[in-house]
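Please read the structure below before turning to the comments.
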Amino acid sequence: MLTRGSRKKLRNVVLIISLLILLVRVLTLRRTSKYTDVVSNHEDVNAFTSNVSKPNILFILADDYGYNDIGYHGSEIKTPNLDKLAMSGVRLENYYVQPICTPTRSQLLTGRYQIHTGLQRGVIWPTQPRSIPLDSKTIADKLSDAGYSTHMVGKWHLGYHKREYLPTRRGFHSFFGFLNGHGEYFSYKSKYKHYRGFDLRENEAPANIKKYQGKYSTHVYANRVIDIFKQHKTGNPLFVYLSFQAPHTPLQVPESYLNQYKHIQVPGRKKYAAMVSCMDEAVGKITQALKDIGVWDNTLLIFTSDNGAEYGSGSNKPLRGFKASYWEGAIRAVGFIHGKLLNPKLIGSTSNELLHVTDWFPTLVSLAGGDYEGTKPLDGHDQRECIFEGKSSKRSEILINIDPLTVAPGSPLFNKTFDTTISASLRLGKWKLVTGTPTGGPIRKPRNPNLWLMNIEKDPHERKDLSDQYPSLVQYMLKRLEYYQSTAAPPVVPTEDPKADPALLGGFWGPWLDN
């Protein structure tokens with residue numbers, strides 16, 4: 001039998017070998033640019049799309065949607081339309097987003113980590129002159145360049161202090177929706193601190209509020225998407241980004257949707273469930289309309305959430321934590337893809353390959369036969385072969401975030417490497433490292449008060465900290481965080497501007513610094 005010392009040495013040897021293998025994989029994925037940027041060349045793009053007409057792309061993003069709040073995850077909430085689409089597509093069960101709204105949306109549109117766009121600190125508040133930098137091309141820009149007609153419906157939440165930051169100036173040919181992070185579902189008013197105003201726009205102008213007041217936004221946005229497909233007359237394929245408001249707070253829903261949840265006693269949970277079912281119904285209505293129009297068979301549908309559910313109404317079980325934390329419940333998202341481009345052998349399957357929201361940019365641009373001219377180096381990976389053919393992911397690592405402005409009490413651990421009091425998180429293979437103060441409460445333990453290491457494959461609920469057992473792995477992952485930090489742009493957190501007051505802008509939220 002091996003002695004205790006021999007077993008420890010053997011374990012260290014195995015760990016070192018595993019680290020070397022992982023390091024080789026990481027290095028093969030990195031380019032010589034300042035930071036990770038994996039995109040396919042145009043010749044490879046053409047090879048993939050040469051025998052397939054460019055599909056319409058319908059990208060649906062739910063807002064604050066819980067991991068456990070969809071039927072196929074065993075939820076009490078009824079989502080028959082989403083379930084049917086997911087079960088006849090590919091479910092993405094190792095798919096990550098960001099903990100809160102703005103970072104996820106910025107990464108979806110730019111393919112870049114928020115540390116590279118200055119958006120690593122919180123969300124964009126209504127009175128902040130803050131947006132996606134203009135030097136970051138969006139997915140709409142590049143799909144438009146590739147011949148797509150691009151349209152956005154729903155929630156923007158990526159800044160609008162000047163007109164040049166509005167969706168129609170960031171690659172979308174049309175926009176119908178609201179600019180802030182939240183708003184009322186029937187009145188289309190949004191309140192922030194003591195400011196209050198209407199928040200609904202058609203392209204760049206305030207919408208005719210009287211036309212929509214009293215109508216539920218989930219229904220209004222679904223109808224607008226259907227109209228876009230019905231009225232589209234050119235031969236160009238469509239890219240439609242439907243960014244639902246639901247089920248984000250405030251919890252508001254037509255009374256008729258509450259009847260099916262009389263058994264739920266918690267009022268907030270009941271309303272949330274009804275909002276999800278209404279959203280599910282809207283997705284079903286859209287898909288049926290596309291079938292009736294005759295474009296469904298050439299439409300690729302992607303559904304995902306921007307982050308996990310907020311505490312008090314949604315459920316992320318069995319994952320730990322809620323929105324705004326670095327725990328899995330905030331960042332492991334509901335996600336699936338449906339369409340004829342999928343390998344028929346994959347229909348109804350589950351993918352456990354590591355995927356991230358930044359991957360959609362290069363994947364969809366490559367699928368469209370587009371190029372990356374004018375883009376900043378991407379953090380996303382072209383995952384066409386993974387998603388559509390069932391091959392291995394090109395990704396072994398995900399930077400969750402580094403927020404240097406959120407610092408935990410105490411002293412840094414592991415000298416001469418990344419400061420562990422800084423709020424940060426990294427996924428590397430099956431391992432996940434969290435530093436600083438992750439919202440949702442720490443794992444109780446006697447040491448390492450600002451650092452946690454979890455094996456996500458064996459411990460998806462994040463109950464056991466293993467940092468004491470694998471100090472070499474911890475230091476390696478801290479070095480990776482140190483590397484990412486060296487590439488980061490400074491966080492942009494401007495002072496709030498009272499000139500953003502809707503009372504000064506005709507009663508509507510909108511650009512306030514053009515003049």
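Looking at (1) surrounded by 15 or more Cβ atoms within 10 Å (Cβ to Cβ); (2) closer than 30 Å to residue 132 by Cβ; (3) touching a Leu at 6+ places or on another chain (Cβ under 9 Å), find the lone condition where residue 452 falls short.
(2)
Give me the pairs, please: first residue somewhere in region 320-337 and of a type in the set (S, T, N, Q), second residue anywhere and surrounded by fewer than 24 Cβ atoms within 10 Å (Cβ to Cβ) and assigned to a loop (DSSP other than H, G, I, E, B), beta-carbon distance under 6 Å, and either six or more positions apart or on two chains.
Qualifying pairs under 6 Å: 325/439; 325/440.
Condition first: surrounded by fewer than 16 Cβ atoms within 10 Å (Cβ to Cβ) and within 29 Å of the chain's Cα centre (by Cα). Now tell me which residues in region 497-515 satisfy that.
Once the filter is applied, which keeps residues that are surrounded by fewer than 16 Cβ atoms within 10 Å (Cβ to Cβ) and within 29 Å of the chain's Cα centre (by Cα), region 497-515 yields 497, 513.
From the list 282, 309, 274, 289, which residue is without any contact (Cβ under 8 Å) to a residue 40 or more places away in the chain and in contact with a Phe, Trp or Tyr (Cβ under 9 Å, 6 or more places away or on another chain)?
So the residue among 282, 309, 274, 289 that is without any contact (Cβ under 8 Å) to a residue 40 or more places away in the chain and in contact with a Phe, Trp or Tyr (Cβ under 9 Å, 6 or more places away or on another chain) is 274.
Where in region 141-199 are there strands (runs of 3 or more DSSP E), lying wholly inside it, with at least 2 residues that are open to solvent by 10 Å² or more (accessible area, probe 1.4 Å) and touching a residue at least 40 places away in the same chain (Cβ under 8 Å)?
Once the strands (runs of 3 or more DSSP E) in region 141-199 are filtered for at least 2 residues that are open to solvent by 10 Å² or more (accessible area, probe 1.4 Å) and touching a residue at least 40 places away in the same chain (Cβ under 8 Å), what remains is 149-155, 195-198.
Which one of these does residue 205 not meet: (1) hydrophobic (A, V, I, L, M, F, W, C); (2) in contact (Cβ under 8 Å) with a residue 12 or more places away in the chain; (3) surrounded by fewer than 19 Cβ atoms within 10 Å (Cβ to Cβ)?
That leaves (2) as the condition not met.
Looking at 61, 109, 85, which one is of a type outside the set (Gly, Ala, Ser), in a helix (DSSP H, G or I) and open to solvent by less than 10 Å² (accessible area, probe 1.4 Å)?
Being of a type outside the set (Gly, Ala, Ser), in a helix (DSSP H, G or I) and open to solvent by less than 10 Å² (accessible area, probe 1.4 Å) holds for just one of 61, 109, 85, which is 109.
Out of 416, 430, 464, I need the residue that is in contact with an Asp or Glu (Cβ under 6 Å, 6 or more places away or on another chain), charged (D, E, K, R) and surrounded by fewer than 20 Cβ atoms within 10 Å (Cβ to Cβ). Which one?
430
Taking region 386-414 on its own, how many of its residues are closer than 30 Å to residue 340 by Cα, within 21 Å of the chain's Cα centre (by Cα) and touching a residue at least 40 places away in the same chain (Cβ under 8 Å)?
Of the residues in that region, 8 qualify.
The values are calculated or read from the model by the stated rules, or taken from the named source; none is laboratory data. Computed from a prediction, not measured in an experiment: that's the story for all the values here. A quick note on method: Cβ atoms are made from the backbone with ideal geometry, for glycine too, and the neighbour counts reach across all protein chains shown. What goes into the accessible areas is simple: the full protein's heavy atoms, side chains included, and nothing from ligands, DNA or RNA. Shrake-Rupley method; radii C 1.70, N 1.55, O 1.52, S 1.80 Å.
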